[in-house]
1. Do we have any residue at all in the range 97-115 that's among the acidic types (Asp, Glu) and over 20 Å from Lys19 (Cβ atoms)?
2. Those residues that are more than 29 Å from Pro242 (Cα to Cα), crowded, with 19+ Cβ neighbours inside 10 Å and touching a Lys or Arg at 6+ places or on another chain (Cβ under 9 Å), I need them from the range 160-181; list them, please.
3. Answer with yes or no whether Val513 is surrounded by 15 or more Cβ atoms within 10 Å (Cβ to Cβ), β-branched (Val, Ile, Thr) and closer than 28 Å to Pro528 by Cα.
4. Out of Ala446, Ala457, which single residue is assigned by TED's automatic domain parsing to the domain that holds Gly387 and assigned to a helix (DSSP H, G or I)?
5. Surrounded by 14 or more Cβ atoms within 10 Å (Cβ to Cβ), in the same structural domain as Asp43 (by TED's automatic domain parsing) and closer than 30 Å to Thr64 by Cα: is that true of Gly106 in this structure?
6. Inspect all residues belonging to the range 473-482 and state whether any of them is within 28 Å of the chain's Cα centre (by Cα), of a type in the set (S, T, N, Q) and either more than 19 Å from Met442 (Cβ to Cβ) or part of a helix (DSSP H, G or I) (or both).
7. For the range 346-361, give me each residue that is surrounded by 24 or more Cβ atoms within 10 Å (Cβ to Cβ), over 13 Å from His382 (Cα atoms) and of a type in the set (A, V, I, L, M, F, W, C).
8. Among the residues of the range 400-415, write down those that are in contact (Cβ under 8 Å) with a residue 60 or more places away in the chain, outside any loop (DSSP other than H, G, I, E, B) and over 30 Å from the mean Cα position of the chain (by Cα).
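The values are calculated or read from the model by the stated rules, or taken from the named source; none is laboratory data. Note that the structure is a prediction, hence the values are computed from the model and not measured. Positions of Cβ are backbone-derived with ideal geometry, glycine not excepted, and every protein chain shown enters the neighbour counts.
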Amino acid sequence: MAKTKYIFVVGGVLSGVGKGIAVGSIGRILIDRGLRVSAMKIDPYINVDAGTMNPVEHGEVFVTEDGDETDQDIGNYERFLNTDVTSLNYMTTGRVYLSVIQKERGMKYKGHCVQVVPHIPLEVVDRIKKAADHSQAEVMIIEVGGTVGEYENILFLEAARMMKLDNPDDVVFVLVSYLPVPGHLGEMKTKPTQHAARALNNSGIQPDFIIARGREELDKPRREKLAYFCWLRSQDDVISAPDVENIYDVPAVFERQQFSQLLAKRLHLRLKKKPRSAWDSFVKSVHTAKRAVKIAVVGKYFGTGQYTLSDSYISVIEAIKHAAYSQGAKPELTWIDSETYEQNPQAVHELSHFDGVIVPGGFGTRGIEGIMLAIRFARERHIPYLGLCYGMQLASIEFARNILGLTGAHTVECKPDSPYLVINVNTTQAKNIADNRYGGTMRLGAYRCLLKKGSLAHKLYKADEISERHRHRYEFNNEFRTQMEAAGLQVAGVNPETDLVEIVELKGHPYFVGTQFHPEFNSRPLDPHPLFVGLVKAALRTDPPLRV
């Protein structure tokens with residue numbers, strides 16, 4: 001096998017500049033030219049993984065097939081590359097230091113003094129190479145989180161510098177930086193990116209390419225200025241990346257500037273002639289979608305000060321888009337903070353104006369009574385509904401309260417003294433909670449699910465058995481299963497090893513499905529998830545708005 005080539009992607013000027021989309025788009029254009037590509041993320045925080053962080057602070061926690069709780073960018077990689085990414089492709093400062101300390105405790109360093117340099121960077125290099133070997137990638141793209149110049153990034157950049165020094169023809173650096181247009185000037189400014197390039201130089205690294213993010217297309221004078229003051233070989237090495245209508249347009253933006261050829265030339269790669277790809281067909285469907293489908297996402301992780309943070313549910317949002325585009329529909333998403341329904345229960349009637357409702361995952365008590373008002377409204381007014389994880393659990397509780405008449409029904413997470421614990425905790429999770437073991441201890445990753453023949457889920461999946469990714473501690477209480485099924489809430493999927501309920505669906509409803517797992521993690525642009533497709537189809541079939 002030929003030596004793996006490495007592309008390091010680093011950020012400048014501000015966070016959230018679009019490094020993850022840049023990584024996915026670079027990977028996509030190289031895949032479409034016949035190369036095997038994988039991607040990995042380095043996050044500079046001390047947390048061992050993303051699992052213990054509040055999604056409002058850091059965005060969605062994405063879960064891999066093998067059960068790693070990662071940054072949301074891993075989800076971006078999977079969607080753009082159309083492949084599964086494993087835990088080997090994710091590292092944090094905490095994970096790296098923990099590994100080095102464990103090796104030292106086990107005498108792996110044979111009595112030598114273990115130091116921050118070189119042992120931490122060497123651990124980073126070792127992890128990058130192991131991930132490349134495991135994925136058999138011809139090109140491994142590595143995103144370094146944060147922005148250059150931050151103290152947290154120094155050791156990761158040192159690892160990248162060491163790799164470049166050892167194999168200069170196998171490593172390139174891409175700086176993704178932002179070019180602001182101050183309102184009082186009306187002119188795109190390059191100086192912040194020049195400072196970012198200088199900060200990268202201070203780490204011993206010269207960028208090979210600059211992806212110039214901005215509101216508008218980069219013009220020739222600014223392209224020339226960046227090339228000259230940031231010491232690039234040519235102005236062609238400055239890639240313009242203006243804001244686009246849809247993130248899935250970015251690979252085409254890069255290819256129009258021959259970015260794949262520029263990367264191949266620098267890394268001595270051989271590209272195949274680009275045929276019309278499935279990705280091109282998907283992007284065309286994005287732009288030709290006509291009929292609007294209005295979906296309300298009712299959640300509890302949207303508010304951050306005066307702003308709405310849709311990143312908390314990024315995989316859900318993208319899964320809706322994939323499904324809608326596959327049906328020739330244009331998704332119109334509205335994010336609704338469930339606390340507004342608790343403060344004003346009558347406000348739930350606004351859901352009459354939507355074609356479908358989704359309740360995504362979550363934890364804790366805040367906002368859940370508002371969510372259950374939304375679920376009841378969707379159930380009673382026959383609005384297509386999809387509940388994910390907590391959305392399935394709360395749908396079961398709402399059904400128990402309002403159909404079975406079990407007043408006070410609840411989840412043990414929020415009301416352990418409830419007389420009707422419709423959602424309970426299994427023995428393993430109870431012990432973890434008692435021992436304050438929270439990080440990496442939930443039911444995580446892919447588990448089997450057997451589907452009930454004749455159920456809606458069975459028809460949508462077109463399979464008897466599926467595998468889906470999980471992230472939860474609490475489970476449907478089987479003590480209530482017979483009673484609920486008799487009243488119309490059918491159990492459509494169970495885990496064969498544990499008999500845990502995985503899917504519930506409501507009889508006599510256009511579309512009312514709840515899943516204990518997270519189907520959004522397995523949705524791809526080129527392979528929309530069947531449960532989201534089912535929701536969109538039902539939403540397009542139902543008579544619109546104003547179900548009073």
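1. yes
2. Met163
3. yes
4. Only one candidate qualifies: Ala457.
5. no
6. No, that holds for no residue.
7. Ile358, Val359, listed by residue number.
8. Result: Ala400, single match.
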